[in-house]
Amino acid sequence: MSPVFLIIAFVTLFAAAAAMSLRNLVHCALSLVVALAGLAALYLQLDAQFVGFAQILVYVGAVAILIVFAVLLTRSDATPNQAILAPGWIVGIAVSAVVFATLGWAALNSTGLPKEMSPAPVATVKNIGDMLMTQYVLPLEVIGLLLTAALIGAVIIAMKEEPLSNSGRSRSDGASLSKKSEPPHVGSYGSEKEGGGV
Amino acid sequence: MTPLQGCLLVSALLFAIGLAGAVTRRNAILALVGIELMLNAANLNFIAFWRYGPHPEALSGMMVVIFSIAIAAAEAAVGLALIIAIYRHYRTANLDEMKNLKG
């Protein structure tokens, strides 16, 4: 194991732990960016250039920005003053420790794992494109369909359900809210679109 | 410890960190971040086994990771849209305050 690998792994794991334990949500998002960039560096170390750069484009570029936007839109106070952990957190930590122990034990004790790195494979973008267009063309089409459906679905879910005049409610009337909004939301979208949406 | 085992240990620890965050944090956004970390840990495993496996020229592990990144992006978009829609109902992003299934 090279020192470079150790350094990158340490930075990645430290940033991931920070992303999961910091109090301020914006700090969490920034630590997540560091962790994902560290993972991209690990991919580059393992000769997976295309995946490394795709990781930077998709995760550091898009998903992190999406998370920052979600923090902004939910106005969750950047630093909450109540507890940040759910009530049964000790159980959660214990379960994840058990999971880590199991995975680590399996990784350290399994026989037959390859010991040496085989010579670096030719994984150019051209090769990957060839594979995507020949052997993996069906999964590629399915992924295209999935992404389209997911993005349209995300827009529909996040669309405003009712005109703005009704939405100036306080949190206390959240219980009575259930009567106001009809379960099939599709109808209210149409009416809201005609109403100009404010 | 071989380099492959090093990668597997890093990915196992990353998975455990993500799992701990996803089940213990109250904020829904951070639960989603934990899920992203777990997905990334799985991706690291795929890349490591691809690189140290006997037939890296088949590119199969890399293909799985490329598709998995695409699915993770779709999952993040839908998950954050759900969080925003739920926030509009409950005026909170804390998971333990969302107790009603109806409305």
task: Could you tell me whether A:Ala48 is surrounded by 18 or more Cβ atoms within 10 Å (Cβ to Cβ), touching a residue at least 40 places away in the same chain (Cβ under 8 Å) and under 18 Å from B:Ala42 (Cβ atoms)?
output: yes
message: Condition first: touching a residue at least 24 places away in the same chain (Cβ under 8 Å) and more than 9 Å from every other protein chain (Cβ to nearest Cβ). Now tell me which residues in the range A:9-44 satisfy that.
response: A:Val11, A:Arg23, A:Asn24, A:Val26, A:Val33, A:Gly38, A:Ala41
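Each row is one residue, and each column tells you yes or no for (1) among the small types (Gly, Ala, Ser); (2) at pLDDT below 90; (3) over 21 Å from A:Lys126 (Cβ atoms).
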{"residue": "B:Ala22", "(1), (2), (3)": "yes, no, yes"}
{"residue": "B:Arg26", "(1), (2), (3)": "no, yes, yes"}
{"residue": "B:Ala31", "(1), (2), (3)": "yes, no, yes"}
{"residue": "B:Arg51", "(1), (2), (3)": "no, yes, no"}
{"residue": "B:Met63", "(1), (2), (3)": "no, no, no"}
{"residue": "B:Ile66", "(1), (2), (3)": "no, no, no"}
{"residue": "B:Ala73", "(1), (2), (3)": "yes, no, yes"}
{"residue": "B:Leu80", "(1), (2), (3)": "no, no, yes"}
{"residue": "B:Tyr87", "(1), (2), (3)": "no, yes, yes"}
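For the structure I just gave you, tell me whether A:Ala101 is more than 7 Å from chain B (Cβ to nearest Cβ), surrounded by fewer than 15 Cβ atoms within 10 Å (Cβ to Cβ), over 30 Å from B:Leu82 (Cβ atoms) and out of contact with any Pro (no Cβ under 8 Å at 6 or more places or on another chain).
yes
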- request: Considering every residue within the range A:76-90, establish whether at least one is on the phi < 0 side of the Ramachandran plot, assigned to a helix (DSSP H, G or I) and at pLDDT 90 or above.
  value: yes
- prompt: What are the pairs, 6+ residues apart or on separate chains, where a residue within the range A:96-109 that is outside the structural domain of A:Ala17 (by TED's automatic domain parsing) has its Cβ under 9 Å from a residue that is surrounded by fewer than 13 Cβ atoms within 10 Å (Cβ to Cβ) and outside any helix (DSSP H, G or I)?
  reply: A:Leu108/B:Met1
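The values are calculated or read from the model by the stated rules, or taken from the named source; none is laboratory data. This one's a predicted model, so the numbers in the text were calculated from it and none came from an experiment. Every residue, glycine as well, gets a Cβ built from its backbone with ideal geometry; the counts of neighbours run over all protein chains shown.
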